[in-house]
Amino acid sequence: MQEEVKVEVRPDFLARQAKAQPVQALAELIWNSLDADATSVNIEFEPDGVGGISKIVVADNGDAIPRAEAPQLFKNLGGSWKQLRLTTPRLNRMLHGREGRGRFKAFALGEVVDWKVIYAKDGTPFRYDVAVLEQQIERVRIGDEAPTPGAVTGVTVVISELKRHFSSLQPQNAVQELSEIFAIYLKDYRNVTITIAGERIDPDRAIAGTWDFELAPIADDDGEQHPVDLEIIEWRGQTRRTLYLCNEQGFPLSQVETRFHVGDFHFSAYLKSSFISELHQDGQLDLAEMVPTLVASIEEARAKVKEVFRSRAAERARIVVDEWKEKKVYPYEGDPVTPVEKAERQIFDIVAVTVQDASPEFSDTASKQTALHLRLLRHAIERSPAELQLILDQVLKLPKRKQKELAELLNETTLAGIIGATTLVADRLKFLEALRFILFDYEARQKLRERSQLHKILEQNTWIFGEEYNLWASDKDLTTVLKVHRDKLDPDLVIDEPVKVINKSRGIIDLMLSRAQRRHRADDLEHLVIELKAPKVTINAEHLNQIEGYALAVEEDDRFNRIEGLRWHFWIISDAYNKQVEARIKGGPDPQRRLILRTDRVKIGVKTWGEILEDNNARLQFVKEKLEHRVDDGEALAFLQERHRELLEGVLINDDDAAERSSGATQGDLETSAGE
């Protein structure tokens, strides 16, 4: 006679237990079989005759539940016999579930679930059936038992009235994910077999490597310390790169949605702790992101995963690099010495190997072509991300997906940041050294023209006057400066008369730099007006009168003074000044800073090129020492010629030399184009 048992929980609670992703639902049924000491679990799909699936069948050879215990076990959700044990009764294997909820995950797959149970009673196999309908999920129908001589013990779960086609459960899609879920269990218990549609789940065949780490323990609210371990498995096939939250035995209880930018590696990470087990038992594991101590462990695990696969990338790169060195196409010689050289070399190896893996034709090209491509990559990495992107896209034809993966990887590595920052610092050190040469070398300074050469070079390198300033105007009269300045002062300002400068029809300023900072009360604007003099010019009283005339014009013109926080700094810069200027400085408001005038809004001062260069070198000195950076005159001048060739003819490059170099460069460009 059939017995009907009512599950003593609310139907909506049962319905929540029945929700899961298809593979996760199937995994719960497998775990139930393993917890019953099954050594064989077989999943089959019964076809519906029209190319689909009509039933999912999960059969095991475990120790099934005796008929007398079935009503109580189904009736009391959460009253599983597993709560009283840590291991299985017969084979003493570690248990996965303890709440008895897993059986209801079958309803994530179908609307009808039948359990065909065969257990041993006094040495004789007996069979009974259990049936549950999703529409009456709280009602469990348990049939009478009957002897079945010769039958093998175990449970067969039949799921019918499937909710959809479930292509994700086909072996080609499900084996990898199930391998990830059961990898640690199958490694520990070698006599267990799991098959799906005849294909055995064998993590050993799919595993490329494993790593184990002990992480910082987690302290719970009572102060108890819970050990935390991390196991990382690299897979040979593609996977979703998942971080599983596991109990202390490594059985996945949940997973964290997280992204890893570690190149073309496929892995699963298993964070194991009794603290995770407690959260799972308390129903809090789905809120893992809100538990700070667990979040800290997750971040530590992420960092360890990145460390492992960056090391793997370097290891894989070494093999490829050794081949390039043998063919003499590798664009570096010798070992890197400074931290920057080491960072550049590591980034180059990662990028170059990624390109080779993603573009099979890259390794099939002739050695000469490969050498050219590798040199282009090296140059781009040393110069800028924009150049690297251009070469990957237009020259090496790297697929967009791979470009994106590579960009994400480089964005997360400190090496790229080191290279970016140090390239900037190194370029500035070269610029300062070259500027020092053209300012103080006797022949160069005699040829250097103020407005057409020095002015134009500094216009492109305003950082030399302070990182906080931006160029607003160059070689403009004060009326034009006022127009540029109008939006900050007053958008409705009418400019119908020129700014008047004493003894001048119009005052032309060399450079005007600006810094704007948002304060709590109002805009705080600061302008720096620079009057440049070539190093061969000695500043005299006439020059001071010029800069003072600009300052006075600004201070007395109400149109420049419509913001309370507006301040002006006027500098006149050369390499020397005469006795009259020296006297003005000594009698000024701040001789140490060479100020000759200071009011609430305006400061006027004298600076020397030596002072400007020393201030910049002082700012860069710390980084310079850490980079072990050395610049000789030849290297610095070559850098300045490359950046400002058109402005330095007659100072560093004779016209004939420039023409010859230009011709050579054109020829080299043609040869490169032909080679490509």
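The values are calculated or read from the model by the stated rules, or taken from the named source; none is laboratory data. Being a predicted model, the structure only gives us computed values, none of them experimental. Cβ placement follows ideal geometry from the backbone for every residue including glycine, while neighbour counts extend to all protein chains displayed.
Here are a few things to note about the model shown:
- Yes/no for ARG318 being within 21 Å of the chain's Cα centre (by Cα) and either of a type in the set (Val, Ile, Thr) or not assigned by TED's automatic domain parsing to the domain that holds GLU224 (or both): no
- Meets criteria (aromatic (Phe, Trp, Tyr), surrounded by 12 or more Cβ atoms within 10 Å (Cβ to Cβ) and under 19 Å from GLY223 (Cα atoms)) for PHE267: no
- Of the residues examined, PHE275 is not one that is part of a helix (DSSP H, G or I), under 17 Å from the mean Cα position of the chain (by Cα) and of a type in the set (Phe, Trp, Tyr).
- Residues of the range 128-176 that turn out to be on the phi > 0 side of the Ramachandran plot and in contact (Cβ under 8 Å) with a residue 40 or more places away in the chain, as a count: 3
- For the range 108-153, filtering for residues that are crowded, with 18+ Cβ neighbours inside 10 Å, under 19 Å from GLY62 (Cβ atoms) and among the hydrophobic types (A, V, I, L, M, F, W, C) leaves 7.
- Within the range 168-191, none of the residues are assigned to a strand (DSSP E or B), surrounded by 14 or more Cβ atoms within 10 Å (Cβ to Cβ) and of a type in the set (A, V, I, L, M).
- Check on GLY237, more than 30 Å from ASN92 (Cβ to Cβ) and either in contact (Cβ under 8 Å) with a residue 12 or more places away in the chain or in a strand (DSSP E or B) (or both): yes
- Within the range 103-129, tally of residues that are among the aromatic types (Phe, Trp, Tyr) and within 54 Å of the chain's Cα centre (by Cα): 3
This table checks each residue for (1) part of a strand (DSSP E or B); (2) closer than 17 Å to GLU28 by Cα.
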site: ARG103; (1), (2): no, yes
site: VAL113; (1), (2): yes, yes
site: ILE118; (1), (2): yes, no
site: PRO125; (1), (2): yes, no
site: VAL130; (1), (2): yes, no
site: ARG141; (1), (2): yes, no
site: ASP144; (1), (2): no, no
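- Annotation: of all residues in the range 283-300 being at pLDDT 90 or above and touching a strand residue (DSSP E or B) at 6+ places or on another chain (Cβ under 8 Å), the one that is surrounded by the fewest Cβ atoms within 10 Å (Cβ to Cβ) is ALA296.
- Within the range 310-341, if we keep just the residues that are at pLDDT below 85 and aliphatic (A, V, I, L, M), the residue that is farthest from LEU374 (Cα to Cα) turns out to be VAL337.
- Residues located in the range 551-591, provided they are at pLDDT below 80 and aliphatic (A, V, I, L, M): ALA551, LEU552, ALA553, VAL554, ILE563, LEU566
- Pairs meeting the criteria (first residue in the range 529-558 and assigned by TED's automatic domain parsing to the domain that holds GLU459 and farther than 28 Å from LEU435 by Cα, second residue surrounded by fewer than 16 Cβ atoms within 10 Å (Cβ to Cβ) and modelled with pLDDT under 80, beta carbons under 6 Å, at least 6 apart or on different chains) are GLY549/ILE502.
- When restricted to residues that are aliphatic (A, V, I, L, M) and at pLDDT below 75, the range 449-486 contains 6.
- Every condition in (1) closer than 15 Å to ASN32 by Cβ; (2) modelled with pLDDT of 95 or more; (3) touching a Lys or Arg at 6+ places or on another chain (Cβ under 8 Å) is met by ASP114 except one, and the failing one is (3).
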